[in-house]
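Data first, discussion second: the structure below is written as structure tokens.
Quick note: the coordinates plus some simple rules give every number you see, no bench work behind them. The structure presented is a predicted model; accordingly, all values stated were derived computationally and were not measured. Cβ placement follows ideal geometry from the backbone for every residue including glycine, while neighbour counts extend to all protein chains displayed.
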Amino acid sequence: MTTKHHITVQVNGQTHERDVEPRRLLCDMLRTDLHLRGVRVGCEHGVCGSCTVLLDGEPIRSCTTLAVQVDDGDVETVESLAGEDGGLHPLQESFSACHALQCGYCTPGFLMTLKPAYDSGLKPDRAQIRELISGNLCRCTGYQQIVEAVERAFRLRDGVEPAGDLGAQA
């Protein structure tokens with residue numbers, strides 16, 4: 001008989017208490033128990049980045065993190081990006097506007113990887129953006145549109161580009 005551990009975790013601003021098996025992966029708890037389907041499982045080895053969520057504000061791979069490791073933690077998934085009115089976060093809106101997604105499978109991982117840099121006020125150049133996303137794999141886009149989307153989202157954040165203006169993207 002497997003002993004379960006009682007954990008308490010904040011997920012997207014809501015407190016959840018669960019009894020979890022010691023070997024239960026965070027991604028499985030989020031997807032199966034909490035029905036947060038934006039958490040994607042790609043490689044199951046922490047290589048592709050599709051399962052990236054934030055733990056206490058820092059990106060982690062939920063496919064290599066045990067649920068018991070997030071006890072008393074604060075987890076954010078891509079579902080947390082939506083505004084109170086249900087609108088898209090500037091990162092999401094820019095990914096759409098710049099065609100930075102095709103199949104979309106990897107997109108939640110990219111978005112959650114980028115959110116801390118976006119929130120910090122960082123003003124990265126293209127090389128820094130490529131470094132930021134270097135731990136995330138996409139098999140569809142070739143990354144150019146992703147870099148352009150990140151640049152656009154940061155310009156929107158800084159008020160340099162009005163929302164809806166695709167500038168050079170049009």
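Quick look at the numbers
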read-out	value
Ranked Ser134, Ser50, criterion: other C-beta atoms within 10 Å, fewest first	Ser134, Ser50
Residue with peak Gaussian network fluctuation, the chain [Cα springs, cutoff 10 Å], from Val150, Val39, Val160	Val160
FRET efficiency, 1/(1 + (r/R0)^6) with R0 25 Å, evaluated for Asp33 and Thr64 via beta carbons	0.85
The stretch 5-81, relative contact order [Cα under 8 Å, separation at least 6], %	39 percent
Antiparallel DSSP beta bridges within the chain, as percent of all bridges there, nearest 5	90 percent
Computed over the stretch 19-145: relative contact order in percent, which uses C-alpha pairs under 8 Å that are six or more apart	27 percent
Asp85 paired with Asp72, simple spin-label distance in nm, labels 7 Å along Cα-to-beta-carbon	4.0 nm
Label-to-label distance, nm, for residues given as Thr8 and Arg126 (7 Å Cα→Cβ offset)	5.0 nm
